[in-house]
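Worksheet: one structure, shown below.
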Amino acid sequence: MSRVIPKRDKKRPQDRNAQRATRQRTKDCLALLELQVSQLQGGADKALSDELRQMRKERDELGTLADDLVTIAEATKSALESSNNEAPQT
């Protein structure tokens with residue numbers, strides 16, 4: 001005697017399997033997205049760190065150049081004052 005299985009009883013395991021597969025795909029997708037976010041943040045942090053290092057280097061170079069300009073200006077001023085003092089006054 002063959003027993004007839006109602007459609008509903010056949011469908012329940014299929015539905016459970018489909019739900020399980022959907023949950024697994026969602027979980028895998030979230031894991032991939034979290035990995036991508038982590039990688040992007042790491043790359044952004046490195047880029048910002050590199051840019052900050054470059055800006056500090058340029059700031060230091062500008063400070064050195066500014067000091068050099070002050071030294072040149074003082075030497076020029078001193079030379080001009082000396083030449084004015086040595087010039088014959090009429």
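Annotations
- Region 1-77 - Kirkwood radius from inverse mean 1/r over Cα pairs (Å): 19.2 Å
- Straight Cα distances below 19 angstrom link Lys77 to the aspartates and glutamates Asp67, Asp68, Glu86, with same-chain residues fewer than 8 positions distant left out.
- Expected 222 nm ellipticity per residue - DSSP helices of 4 or more, -39500 (n - 2.57), all of the chain, to 500: -34000 deg cm²/dmol
- Reciprocal of mean inverse Cα separation for region 40-81 (Kirkwood radius, Å): 12.6 Å
- Degrees, to the nearest 10: 7-86 long Cα axis against longest axis of the chain: 0 degrees
- Each Lys and Arg Cβ is given +1 and each Asp and Glu Cβ -1; about its Cα centre, the chain then shows a dipole of about 2640 debye.
- Note on Lys57: lysines with a C-alpha under 18 Å away, same-chain residues under 8 apart excluded, are Lys46.
- Summing Lys and Arg as +1 and Asp and Glu as -1 over all other residues whose Cβ lies under 15 Å from the Cβ of Glu74 gives a net charge of -2.
None of the figures in this text is laboratory data; all of them are computed from the coordinates on show. Not measured: the values here are computed from a predicted model. In this analysis, Cβ positions are derived from the backbone assuming ideal geometry, glycine residues included, and neighbour counts consider all displayed protein chains.
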